[in-house]
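S.K.: One structure, pasted below without further comment.
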Amino acid sequence: MTDSKDRTSSNEQPWTVLRLLEWTTDFFKQRGSDSPRLDAEVLLAHARDCSRIELYTAFGQEPTSEERVAFRELVRRRGEGSPVAQLVGYREFYSLKFRVSEDVLIPRPETEHLVVEAIDHAKSMQSVPIRVLDIGTGSGAIAVTLAKYLPEAEITAVDCSEAAIKIATWNAQQHNVSDRIRFIHSDLFGALDAEQSFDIICTNPPYVSQAEYDQLAPSVRDFEPRQALLAGPLGTEVVEVILREAPRYLTPGGRLIIELSPMIADACEELAKGQGSYTEIKFIKDLEGHRRLLSMVRE
Ligand SMILES: C[S@@+](CC[C@H](N)C(=O)[O-])C[C@H]1O[C@@H](n2cnc3c(N)ncnc32)[C@H](O)[C@@H]1O
């Protein structure tokens, strides 16, 4: 897809939408992308300012030279490892669009399980309003989605990154839920009032160990914030603090839901049991059958 190939010579085929997609899919495949065709479609749709579906009815069309220039640049950066979500500036989570940048973790589909668990628990509760705390809100994916799907919830969302808080605030505004989310720049529970209490505390904290971090794909390690991923030498460090501190902020019968990796599931279960304040400690598995959430109730 070089300049010289941009336009046809007499015996060369034109660079139609379909041909661009096929060439780029192949290129991304060689570069080790897990989803080469999807990446190509999202980037070409972005360059053409249309939806992915619209590409399907435009396979035979030739993008304009401006669109091709924009697409070529996106393909180059994706080829160098930039995540597609950062290139287009957003990611869908729970069918909602979230702005992302290099300052926030790109929301992952696994985290939708956490949202489902929190919504299920909230719907089983009698009290109104339901007070929710989201620790490590990042793009605001969890907090904003819960606010959207639980109109009776009042949400507090904290993050130690000011840049993340700005993006989360922007996402809350876009989804018209800013009036029910209080964003606080805080080291875990540090900036919360001691007398505050919550019915649900949910968190997708950093849970990657140093050894795992060193092995992460460059497209994650080199492009997403280290403090969103790396917990410390063991991977359990942040979870451990949350398990220790959360009982002070949970109402009796309140639920704590923590996303984790299967690698640290056993260790986190031990920590939760050893804490002595929790009951109904259970795992929830993701679609691949991995233990992905640890959910428990404060006694
Ligand atoms: C794995 S990301 C989760 C982001 C978002 N909740 C999501 O699920 O997409 C972890 C987040 O926790 C934040 N974080 C890390 N350490 C923290 C701390 N000590 N206090 C508050 N937030 C922290 C990071 O800045 C990051 O935004």
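Each value in this text was obtained by applying a stated rule to the coordinates, not by laboratory testing. Just so it is clear, the structure is predicted and the values come from calculations on it, not from any experiment. Backbone-built Cβ (ideal geometry, glycine too); neighbour counts: all protein chains shown.
S.K.: Could you list M263, M125 in order of exposure, starting from the residue whose Cβ has the fewest other Cβ atoms within 10 Å?
M.R.: The most exposed by this proxy come first: M125, M263.
S.K.: Normalising by the residue count of region 102-298, find the relative contact order in percent from Cα pairs under 8 Å and 6+ residues apart.
M.R.: Numbers: 387 pairs, mean separation 39.9, N = 197.
This gives 20 percent for region 102-298.
S.K.: By how many degrees, 0 to 90 and rounded to 10, does the Cα axis of helix 162-174 deviate from the longest principal axis of the chain?
M.R.: Taking the Cα atoms of the chain, the angle to 162-174 is about 80 degrees.
S.K.: With r defined as the distance between the Cβ atoms of R108 and Q13 and R0 fixed at 30 Å, what FRET efficiency is calculated, to the nearest 0.05?
M.R.: According to the calculation, E is roughly 0.20.
S.K.: Place a +1 charge on the Cβ of each Lys and Arg in the chain and a -1 charge on the Cβ of each Asp and Glu, then give the dipole magnitude about the Cα centre in debye, rounded to the nearest 20.
M.R.: Once rounded to the nearest 20, the dipole reads 420 debye.
S.K.: Quick query: amide H of A157 versus all other amide H atoms, modeled in the peptide plane; which residues come in under 5 Å with a sequence gap of 5 or more or a different chain?
M.R.: Here the answer is D134, R182, F183, I184, since their amide H atoms fall under 5 Å of that of A157.
S.K.: Related question: Mind checking which of L250, A147, P218 is farthest towards the positive end of region 136-269's charge dipole, using Cβ charges of +1 (Lys, Arg) and -1 (Asp, Glu) about the Cα centre?
M.R.: Looking along the dipole axis, the top candidate is A147.
S.K.: Let me ask something else about it. Could you state the angle between the C-alpha long axis of helix 237-249 and the longest principal axis of the C-alpha atoms of the chain, as a value from 0 to 90 degrees rounded to the nearest 10?
M.R.: 50 degrees
S.K.: A follow-up question, please. Using the Kirkwood radius over Cα pairs, work out the Stokes-Einstein diffusion coefficient for the chain at 20 °C and 1.002 mPa s, in µm²/s as a whole number.
M.R.: 103 µm²/s
S.K.: May I ask you to list the lysines whose Cα is less than 19 Å away from that of K97, ignoring any residue fewer than eight positions away on the same chain?
M.R.: K148, K166
S.K.: While we're looking at this one, here's another question. Okay, helix-only estimate at 222 nm for the chain: each DSSP H run of n ≥ 4 adds -39500 (n - 2.57), divide by all residues, round to 500 deg cm²/dmol; what do you get?
M.R.: -12500 deg cm²/dmol
S.K.: Next up: Quick one: what are the phi-derived ³J(HN,Hα) couplings along region 64-79, Karplus 6.51/-1.76/1.60 with θ = phi - 60°, whole Hz, x for glycine and proline?
M.R.: Those phi angles translate into 5, 5, 4, 5, 5, 4, 4, 5, 4, 5, 5, 5, 4, 5, 5, x Hz.
S.K.: Of I281, I135, I106, which is the most mobile in a GNM of the chain whose springs link Cα atoms less than 10 angstrom apart?
M.R.: Checking each option, the largest mean-square fluctuation is seen for I281.
S.K.: Would you pull out the residues with amide H under 5 Å of G254's amide H, same chain only if 5 or more places away, H placed 1.01 Å from N?
M.R.: R298
S.K.: List the lysines whose Cα sits under 22 Å from the Cα of K285, skipping any in the same chain fewer than 8 residues away.
M.R.: Answer for K285, where 22 Å is the Cα cut-off: K123, K273, listed by chain and number.
S.K.: Please give the charge dipole size of region 39-128, origin at the Cα centre, charges +1 on K and R Cβ atoms and -1 on D and E Cβ atoms. Round to the nearest 20 debye.
M.R.: Using only the charged Cβ atoms, the result is roughly 80 debye.
S.K.: Please turn the phi angles of region 99-109 into ³J(HN,Hα) values with the Karplus equation 6.51 cos²θ - 1.76 cosθ + 1.60 (θ = phi - 60°), one per residue in order, whole Hz, x for glycine and proline.
M.R.: Those phi angles translate into 5, 9, 8, 5, 8, 10, 5, 6, x, 9, x Hz.
S.K.: Follow-up. Which order do the peptides 200-208, 150-158, 230-238, 183-191 take when ranked by the mean count of other beta-carbon atoms within 10 Å per residue, highest first?
M.R.: By packing density, highest mean first, the sequence is 200-208, 150-158, 230-238, 183-191.
S.K.: Which GluC sites (Glu not before Pro) does region 63-105 hold that lie in a coil by DSSP with at most 13 other beta carbons within 10 Å?
M.R.: Passing sites in region 63-105 are E80, E102.
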